[in-house]
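Visitor: Okay, here's the structure, questions in a sec.
The values are calculated or read from the model by the stated rules, or taken from the named source; none is laboratory data. No experiment lies behind these values; they were computed from the predicted model shown. Positions of Cβ are backbone-derived with ideal geometry, glycine not excepted, and every protein chain shown enters the neighbour counts. The area values use the complete protein model at the heavy-atom level, side chains included, leaving out ligands, DNA and RNA. Shrake-Rupley method; radii C 1.70, N 1.55, O 1.52, S 1.80 Å.
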Amino acid sequence: MAGEKLSFEKIFSDEMVLPQSKNFKIAGNAESGEKVKVEIGGISKKTSADSDGHWFVEFPSMEGTESVVAKTNTDNVSIHNVHFGKVYLMAGQSNVEYKLRDDLEYQAILDKFKSQNAYFINVPQVEFVNEDGSVIPDNLPEEKWQQVSKKTIGEMSAVGFYMLQQLIHEFPQQTIGIVDCYKGGTSASSWISKNALEKDSELKQTFTVPFKQQTVGKSDEDFKKELVDYQKSVGVHNTKLGEYLKKYPDASLSVAKDTVGHTPWPPPMTPKSYLRPNGLYETMVVGIKNYTFNDVVWYQGENDAPNPEVYEKLLKVLLQNWRELFQDQPLPFYIVQLPVYADEPKDAWAKIRQAQLNTVESVPYTHLISITDTGEEHNIHPSSKRKAGTRIGKIISGLQYSSTPYVKRVDVHDQQLILTVSHATDLHIVEPLGLEVLVEGVWRAQRVQKIIGNKIFVEFSNKTTAIRYAYKNFSKLAVFNENNFPVSPFELRLGK
């Protein structure tokens, strides 16, 4: 790229945190073919910018605080106060995006908060990049690392903040860095590359083909009209919902929505919609591909409720796609299982949770963090994130179990089903279990005979073909391990 000025990629800036326990990259831009020398911690690396003007070098793990200097024959640039510690990527949609400033406890936290040895950066939520390089929206804040302080914590992910506080409690001397990469209202398909998504025919038919059908061959006027019609449909829905609740004041919101319909979503697609397949992968994820992370926290799934049957495949494709992009196949992913929420199509969130559980059971270097004992029946964005964030911090610390518990095996013995639960040694029940078995095509409640250690004993008949627990969008969890982590909801076909 002729005339490209020597620079670092935007995520590499003052106060950044790099992982002290892994090799890491430093990347940037320069004129095509130009030789670049990069120095950090007394070590120098040389490279040349490729035909597109991009360059990167890799360094061995380090500790302490350093500066980074990049030089060419005619220019040099520097990054100051580079820290080494643990680096976490927080990714997903609106519940991880939910800011601490909106959390129920924000003011109480702010009143007594002191700066911490931790830093974060919010990746700009670029929705579209035009041909001339300008972006939509055009008023995004500057991308830079910031210390976690009274002045900045309001802009942090609330879940990420509480995770951080738990990690600091466990490791008070550890420097911690958090990279936030999220956007509300998004399907996982928006976070996956075009090649990876379209390689699978089912995912292509579910996401790519409908997007093309909705956008190809339309004019700007067509898109404007569709948006107006969509806004009208939302208005009509809200009116019908209000009339129903006025007529039946004792009806729950979920019953009302099941009767009059759920709020129309998503809005009409356009070629520049951030909801488009592959969109945020191209505009946000690719921008951090040269950064190095210790762990990834993935909290998403709400927006894939319309297609829960393909979510397991979608999530597995995303994990592989990101590991390839970051060139880190063992990169650990912590999958946050959806909380409770009633106002979705029947069992949609239960199916998403099952897909998350199946993924953790079958994909290496993945971990489950169930927060299905949190959430609100009719509020998709609970205003208190402490319990969820703290649990993420406890699991990701590595000091307890590497996942919250889930049923890993079912055996049949002496007319009993024996459910063996992983990541637990001592289970306890806090309320009726809500266990069901499928007998001759009908689900019915089933009694738990006893619990011994990490095993649950259930009555069994030869006509039983499946078993499930808390398999609803909104269901109270009843079984916890000795750390008070909930056993994941599940549905399991017997004999498989």
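Visitor: For the chain, with all protein chains present and a 1.4 Å probe, just round the carbon and sulfur fraction of the accessible area to a whole percent.
Guide: 49
Visitor: Let me ask something additional. What is the Cα centroid distance between the range 309-353 and the range 88-126, reported in whole angstrom?
Guide: 22
Visitor: Search the structure for amide H atoms under 5 Å from the amide H of I371, placed 1.01 Å from N in the peptide plane, and list their residues when 5 or more places away or on another chain.
Guide: For I371, whose amide H was placed from the backbone, the distant partners under 5 Å are Q337.
Visitor: Mind checking the log10 I(q)/I(0) for the range 1-134 at q = 0.11, 0.19 Å⁻¹? Debye, one equal scatterer per Cα, no solvent, two decimals.
Guide: Summing over Cα pairs of the range 1-134 leads to -0.54, -1.15.
Visitor: Let me ask something else. So if we plug the beta-carbon distance of R447 and S7 into 1/(1 + (r/R0)^6) with R0 = 51 Å, what FRET efficiency do we get, rounded to 0.05?
Guide: 0.15
Visitor: Once Lys and Arg get +1 and Asp and Glu get -1 on their Cβ, which of W298, G441, N130 lies farthest toward the positive end of the dipole of the chain?
Guide: G441
Visitor: Another question about this same structure. Kindly work out what percent of the DSSP beta bridges joining two residues of the chain are antiparallel, to the nearest 5.
Guide: Just about 70 percent of them are antiparallel.
Visitor: Shape of the range 103-146 from its Cα gyration tensor (a ≥ b ≥ c, root eigenvalues): rounded if a/c is under 1.5, otherwise prolate when a/b > b/c, or oblate?
Guide: Working: a/c = 4.72, a/b = 2.47, b/c = 1.91.
It is prolate, given that a/c is not under 1.5 and a/b is the larger ratio.
Visitor: Charges at C-beta only: +1 for Lys and Arg, -1 for Asp and Glu. How large is the resulting dipole of the chain about its Cα centre, in Debye rounded to 20? Working shown, then result.
Guide: Details: 56 positive and 62 negative charges, 193 e Å.
Dipole of the chain, to the nearest 20 debye: 920 debye.
Visitor: Which helices, counted as full DSSP H runs in the chain, have an axial Cα extent of no less than 27 Å and a Kyte-Doolittle average of -1.0 or above?
Guide: Correct list, ordered by number: empty.
Visitor: Ok, one more. Show log10 I(q)/I(0) for the range 93-173 at q = 0.22, 0.27 Å⁻¹, two decimals, from a solvent-free Debye sum over equal Cα scatterers.
Guide: -1.08, -1.40
Visitor: Which order do the peptides 308-317, 112-121, 37-46, 210-219 take when ranked by the mean count of other beta-carbon atoms within 10 Å per residue, highest first?
Guide: For the peptides 308-317, 112-121, 37-46, 210-219, the packing ranking is 308-317, 112-121, 37-46, 210-219.
Visitor: Quick one: what are the phi-derived ³J(HN,Hα) couplings along the range 291-299, Karplus 6.51/-1.76/1.60 with θ = phi - 60°, whole Hz, x for glycine and proline?
Guide: 7, 10, 10, 7, 8, 10, 9, 10, 10
Visitor: If you take Kirkwood radius over Cα pairs in Å from the coordinates, which of [x] 23.2; [y] 24.7; [z] 22.3 do you get?
Guide: Answer label, from the structure shown: [y].
Visitor: Sorting check: for 282-293, 48-59, which peptide has the highest mean count of neighbouring beta carbons within 10 Å, and how do the rest follow?
Guide: Final packing ranking: 282-293, 48-59.
Visitor: Moving to a separate point now. In Å, what is the Rg of the alpha-carbon atoms in the range 338-496, and how long is Dmax?
Guide: Calculated on Cα positions, Rg and Dmax stand at 15.4, 47 Å.
Visitor: Report the semi-axes of the equivalent ellipsoid for the range 1-56 in whole Å, largest first, where each axis is √(5λ) for an eigenvalue λ of the Cα gyration tensor.
Guide: Numbers: eigenvalues 94, 31, 17 Å².
Equivalent ellipsoid of the range 1-56: 22, 13, 9 Å, largest first.
Visitor: Using only the Cα atoms of the range 262-347, construct the convex hull and provide its projected area averaged over every direction, in square nanometres to one decimal.
Guide: 6.7
Visitor: Starting from a Cα-only point model with no solvent, please compute log10 I(q)/I(0) by Debye for the range 132-278 at q = 0.10, 0.12, 0.18 1/Å.
Guide: Rounded to two decimals, the profile gives -0.65, -0.87, -1.12.
Visitor: Multiply the residue separation of F171 and N238 by 0.36 nm, subtract the distance between their alpha-carbon atoms, and state the gained length in nm to one decimal.
Guide: Numbers: separation 67, 0.36 × 67 = 24.12 nm, distance 4.84 nm.
Full extension of this stretch gives 19.3 nm more.
Visitor: What residue among Q416, V255, G160 has its Cα farthest toward the positive end of the dipole of the chain, where the charges are +1 on Lys, Arg and -1 on Asp, Glu, each on the Cβ?
Guide: Q416
Visitor: For the range 291-425, I need the span (max minus min coordinate) of the C-alpha atoms along each principal axis, in Å, sorted largest to smallest.
Guide: Answer, in whole Å and largest first: 53, 36, 30 Å.
Visitor: Is there a quick way to get the dipole size of the range 148-307? I mean about its Cα centre, with the Cβ of Lys and Arg at +1 and of Asp and Glu at -1; what is the value in debye to the nearest 20?
Guide: Dipole about the Cα centre, nearest 20: 380 debye.
Visitor: Okay, helix-only estimate at 222 nm for the chain: each DSSP H run of n ≥ 4 adds -39500 (n - 2.57), divide by all residues, round to 500 deg cm²/dmol; what do you get?
Guide: Rounded to the nearest 500, it is -7000 deg cm²/dmol.
Visitor: Quote the Stokes-Einstein diffusion coefficient, in whole µm² s⁻¹, for the range 382-424, based on the Kirkwood radius over alpha carbon pairs, a temperature of 10 °C and a viscosity of 1.306 mPa s.
Guide: So the translational diffusion coefficient is about 126 µm²/s.
Visitor: What residues qualify as long-range amide H neighbours of Q449, i.e. H under 5 Å apart, gap of 5 or more or another chain, H built at 1.01 Å from N?
Guide: F457, V458, E459
Visitor: Give me the accessible area per residue for the chain, probe 1.4 Å, as a whole number in Å².
Guide: Per residue, the chain has an accessible area of 45 Å².
Visitor: Go through 221-231, 13-23 and give me the packing order, highest mean Cβ count within 10 Å leading.
Guide: 13-23, 221-231
Visitor: On to the next question. Among DSSP beta bridges lying fully in the range 25-180, give the percent that are antiparallel, nearest 5.
Guide: Working: 26 of 36 bridges.
Rounded to the nearest five, the antiparallel share is 70 percent.
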